[in-house]
1. Identify which of E295, E205, E344 has the largest mean-square fluctuation in a Gaussian network model of the chain, with springs joining Cα atoms closer than 10 Å.
2. With +1 assigned to the C-beta of every Lys and Arg and -1 to the C-beta of every Asp and Glu, and no other charges, what is the dipole magnitude of the chain about the Cα centre in debye, to the nearest 20?
3. Between V89, M64, C207, whose Cα lies farthest towards the positive end of the dipole of the chain when Lys and Arg beta carbons carry +1 and Asp and Glu beta carbons carry -1, centred on the Cα centre?
4. Using the Cβ atoms and a cut-off under 14 Å, what net charge is assigned to the surroundings of V252, where Lys and Arg are +1 and Asp and Glu are -1?
5. What percent of all Cα-Cα pairs in the range 27-74 falls into each 5 Å bin, going from 0 up to the bin containing the maximum distance?
6. In a GNM of the chain with a 10 Å cut-off on Cα contacts, which of S118, S209, S24 has the highest mean-square fluctuation?
7. Compute the helix-to-body angle for 255-268: its Cα long axis versus the longest principal axis of the chain, expressed 0 to 90° and rounded to tens.
8. By average Cβ neighbour count within 10 Å, what is the ranking of 189-202, 163-176, 90-103 from highest down?
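A short reminder: the numbers here are calculations on the coordinates, not readings from a lab. Predicted model, so just to flag it, every value in this text is computed and none were measured. Counting neighbours? That spans all protein chains shown, and the Cβs are built from the backbone with ideal geometry, glycine included.
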Amino acid sequence: MSKEPVAVTGIGQTKHVAARRDVSIAGLVREAATRALHDAELTWADIDAVVIGKAPDFFEGVMMPELYLADALGAVGKPMLRVHTAGSVGGSTALVAANLIAARVHHTVLTLAFEKQSESNAMWGLSLPIPFQQPLLAGAGGFFAPHVRAYMRRSGAPDTIGALVAYKDRRNALKNPYAHLHEHDITLEKVVASPMLWDPIRYSETCPSSDGACAMVLTDRTGAARAPRPPAWLHGGAMRSEPTLFAGKDFVSPRAGQDCAADVYRQAGITDPRRDIDAVEMYVPFSWYEPMWLENLGFAAPGEGWKLTEAGVTALDGDLPVNMSGGVLSANPIGASGMIRFAEAALQVRGRAGDHQVDGARRALGHAYGGGSQFFAMWLVGSEPPDS
C-alpha cells in the first residue's frame, strides 16, 4: 500500500524574543498552536493527535513538560507524543507527525516545538564535559569553533565568509516580523568589528538566545482538499544520526547529514539539488555553517561552498536563497528552531512568506541538525502534490 500524501495546511509562530515574561510555557505554546489552527481554519476538535518536541528539559528545569501542556494544546483524551533529538528536534518532531499521516494512523495532526530559554541558561547547560579533553569550552560555540577552523583550513576559505553570512541573514530578518533580532543599523563593518567569542566565531556571527514556539497542522489528502489556502506538500523527509565521537568522524561534513539529504532527494526525485530546489531554510547557528552545510547537502562540491556565499548566490535575490527568514542567526528558541526551518520552507512554497518570499518558489528544503553534529532531520516540500 502506498503512503498517504501529507500536506501542511496551517502554520503559526510566536514573535521570538529574548524573554516572554508575559506568558508561561503553556501560554507560549498555545499562542503558536492557535495561530496554526487559525491559518488552517480548524478548531481543536479537528485535531486527532499532538506531537510535541523541545530541547533538553534542564534548559527550563521542567521535566516532561508535555504532560502538563496537554490542556493548553487541546490534547486531553487524545494521543500525544514527545520527541527529542537535541537541536534538530523541531525537524524530527515534524517528521514524526508527518509519518502518522503517511501511515494513515491519523487524519490531522498538530505538531509543535518550543523553548523558553529565559527561564534557564542554555549556554552553561550546553557546557558539558567531553571525555579525554581539557574543559576549555563554554557553550555550543566552543564545541563547534574548531570544526569551523578545520573547514577553513580544508577549503582555503578567507576569514571574511562568516561575516558575509551574518550580514545577509540579519538583513533578511528585517523582512520577517517573527524574527528575534531586528538590527536596523546592521552593516558588514559592524559584524567584522564585533568581539571575537570563539575564534573564528564573532559575536555577530552567533545565534541569539530566544523564547518562542512554532506549530504546524499536517493533514491527509482529504484534509488538504478542504483547506482554505494552498497547502505545502511533503515530497520527502528523513532523519539520520551518528555518534558524537568515533574514529574517523568528519566533523566538517558528517556522514549522517550527507545520507539524510541523499534519502530526501531520492524520495523527492531530486537529481541536481542546485538546480531542482528553489530555496533552503538551513540550520545555521554560527554563520560559517552556511558554506559547510552547502557542501554537506550537495549544493556545492567539497571546498566550494564558501564561493557560493561570497558570490551572493545564497542572498534573498540570489540563485539559491538560503535562510530567507533570517535563520537561526536571527531567532533561536532551540527546541523550535528546526521546526521553524521546516515551517518557513512550507511558507515559501505556499507563497505566504510575506516580505521574504522567493518569487516562484515551488520546492524548498527545510534542514535541522543537533547535538555534536550528530542528529539530522530534513524535509523537502513543494507547491504541488508529490504524485502530480
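1. Looking only at E295, E205, E344, the biggest GNM fluctuation is shown by E295.
2. Values: 35 positive and 41 negative charges, 52 e Å.
Approximately 260 debye in magnitude.
3. After comparing all options, I get M64.
4. Working: positive: R149, R153, R154, K249, R255; negative: E242, D250, E290, E295, E304.
Neighbour charge sum, excluding V252 itself: 0.
5. That works out to 5, 18, 28, 24, 13, 9, 3, 0, in percent per bin.
6. Most flexible of the set in this elastic network: S24.
7. Helix 255-268 and the main axis of the chain meet at about 40 degrees.
8. Values: 189-202: 15.9, 163-176: 23.4, 90-103: 25.6.
Peptide ranking by packing, descending: 90-103, 163-176, 189-202.
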